[in-house]
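These notes are about the structure you will find just below.
The values are calculated or read from the model by the stated rules, or taken from the named source; none is laboratory data. This one's a predicted model, so the numbers in the text were calculated from it and none came from an experiment. Neighbour counts run over all protein chains shown; Cβ positions are idealised from the backbone, glycine included. Ligands, DNA and RNA are stripped out before the accessible areas are found, and what is left, the full protein with its side chains, is counted by its heavy atoms. Shrake-Rupley method; radii C 1.70, N 1.55, O 1.52, S 1.80 Å.
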Amino acid sequence: MKPLRTIPICAALALAGACFDPSDNGDDEIGDATDESGSSSDSTSEDTDTETTTASDDTDTSSSGSSSETDTDTETTAAPACGDGSVDPGELCLGDLVEYPLGQDGLRAVAGPLLGDTMGVAVVGGGEANNGVALYAEGLQLSDPQPFPIASPSVFVTGGDVDNDGDFDLLASGELFTVLLNDGDGGWTPVEIDPGFFPGGLHAPKLGQLDGSAPLDIVYGEGYNTQWIRGSNQGGWSPGPTGNEQFSGGDSWVALTEFGFDGDGFTDVLVSSAFIPEIHFASGQGNGSFTQLGVTQACPGNTCEIVELHSADLDGDENPDIVASLDMGLSVIMGKGDGTFDNFELTLLPGADVVDSGDVNGDGNVDLLVANSQDGALRLYLGDGTGGLDEPVVFQTPATELRSAMIADLDQNGAPELLTTYTYNGGGWVGVVEASP
């Protein structure tokens, strides 16, 4: 469908103090200080051929009184520019915010190949309707929302190939869990999990392989223990044996990592305490059990509350680093690769609740996208490859509370878009900041 409206916004770039306009042919390209005016000809020359890819003259000078001839042909490739269709390393070409109505409240969302190889966004709401909606990418535009059934109003959604058939499946959770098996053609088969499997809460479910083999398993925190539900191949996918692990301090938000710590190939976990601002990390043993390796603090003393937990490799050493959302901002904790972590680095930003990671500008470094639940702004922190983050590029939305942060290449041209969900004026919306390389 066509977007309901496009809201011109300024990407408030603290580094350059400028805003990007996709129609400006790259002259104000973020991260590019090259003068692309194209005025490089010699003012004294009267016969000059200038092409868009050259910065020098092509001059043929001859004289009837001289036997010498000078022929200069020098070609220099112009600097990368936004709008030329080429995705270049370090290029950040982000435009306006485009809004799509959901037809219901929009709470949490996940992006992935929802329709075969076609990208899309799946959104769940916290209202009374037991529905989720999927919006499929049509180039950069999104389709009308297509409903799919879930067992109960949900506050979390995540995705992955649950049944190992090559399609991107969904896991939605609120009062109940629903696994939605994707047939690759827009059809979804819900698999409801018996509530008896999870006597506690349903915090931050994640999909991973606890035993190192398909199908995927479900891991979540319930306030006191880390719980898991093993996947079974019966009937495509069904819940298998369950179990739990008690970490000291009680457990709430869970992040999974599939690299680092011990290099054994089994899924390891990071779990935040539900009561004090500390994070436990443990090595998966491949049989549903974990060896706790230690604990690290997310802020000084007990001065903050952990809101959510995210893991990414910020410095490219193939070891997990931690990004913890706090009530006061972000805490970045770099992993050393041996189960220990450096001290936290705080960025004060109240409401920075939801985080996603990915390489937005194609420079090979991991960047962070943060959705704020207090000021309605998306903030893009470009990584420097060592764990450091630049000052944020800020994208303001009409809402005051954002619910999701997603980095996804909707049109699969190599330049990812920034996506979020929010509710305002009585309805839910998907907001897309389009990339125009």
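Exactly one residue out of ASP161, ASP183 is more than 27 Å from GLY265 (Cβ to Cβ), among the charged types (D, E, K, R) and at pLDDT 90 or above, and it is ASP183.
Considering the conditions (1) polar (S, T, N, Q); (2) open to solvent by less than 60 Å² (accessible area, probe 1.4 Å); (3) without any contact (Cβ under 8 Å) to a residue 40 or more places away in the chain, SER283 is excluded by exactly one of them, (3). Of all residues in region 301-344, those that are over 11 Å from ILE279 (Cβ atoms), of a type in the set (S, T, N, Q) and open to solvent by less than 40 Å² (accessible area, probe 1.4 Å) total 2. Flag not set for GLY383, criterion: open to solvent by less than 30 Å² (accessible area, probe 1.4 Å) and farther than 29 Å from GLY85 by Cα.
Taking region 115-142, which residues are assigned to a loop (DSSP other than H, G, I, E, B) and open to solvent by 10 Å² or more (accessible area, probe 1.4 Å)? GLY116, ASP117, GLY126, GLY127, GLU128, ALA129, ASN130, GLY139, LEU140, listed by residue number.
Among the criteria (1) closer than 24 Å to ALA282 by Cβ; (2) out of contact with any Phe, Trp or Tyr (no Cβ under 8 Å at 6 or more places or on another chain); (3) modelled with pLDDT of 90 or more; (4) open to solvent by less than 10 Å² (accessible area, probe 1.4 Å), the one THR257 does not fulfil is (3).
Being open to solvent by 10 Å² or more (accessible area, probe 1.4 Å) and under 26 Å from LEU348 (Cα atoms) holds for only one residue in GLU417, GLU434, GLU391, and it is GLU391.
Test ALA151 against the criterion of being hydrophobic (A, V, I, L, M, F, W, C), touching a residue at least 40 places away in the same chain (Cβ under 8 Å) and under 30 Å from ILE229 (Cα atoms), and give yes or no. Against the criterion (hydrophobic (A, V, I, L, M, F, W, C), touching a residue at least 40 places away in the same chain (Cβ under 8 Å) and under 30 Å from ILE229 (Cα atoms)), ALA151 qualifies.
From the list GLY103, GLY166, the one residue that fits, being open to solvent by 30 Å² or more (accessible area, probe 1.4 Å), assigned to a loop (DSSP other than H, G, I, E, B) and at pLDDT below 90, is GLY103. Within region 388-399, residues that are over 13 Å from ASP96 (Cα atoms) and at pLDDT below 95 have Cβ atoms under 8 Å from residues that are open to solvent by less than 10 Å² (accessible area, probe 1.4 Å) and in a loop (DSSP other than H, G, I, E, B) in these pairs: ALA399/GLY376, counting only partners at least 6 apart in sequence or on another chain.
LEU171 falls short on exactly one of the conditions (1) surrounded by fewer than 17 Cβ atoms within 10 Å (Cβ to Cβ); (2) assigned to a strand (DSSP E or B); (3) of a type outside the set (Val, Ile, Thr), and that condition is (1). Note on region 345-365: residues that are assigned to a loop (DSSP other than H, G, I, E, B), at pLDDT 95 or above and either open to solvent by less than 20 Å² (accessible area, probe 1.4 Å) or closer than 26 Å to GLN292 by Cα (or both) total 2. When GLY231, GLY221 are screened for being surrounded by 22 or more Cβ atoms within 10 Å (Cβ to Cβ), more than 20 Å from GLY265 (Cβ to Cβ) and at pLDDT 80 or above, only GLY221 passes. Of all the numbered requirements in (1) under 18 Å from GLN234 (Cα atoms); (2) outside any loop (DSSP other than H, G, I, E, B), VAL157 misses one, and that requirement is (1).
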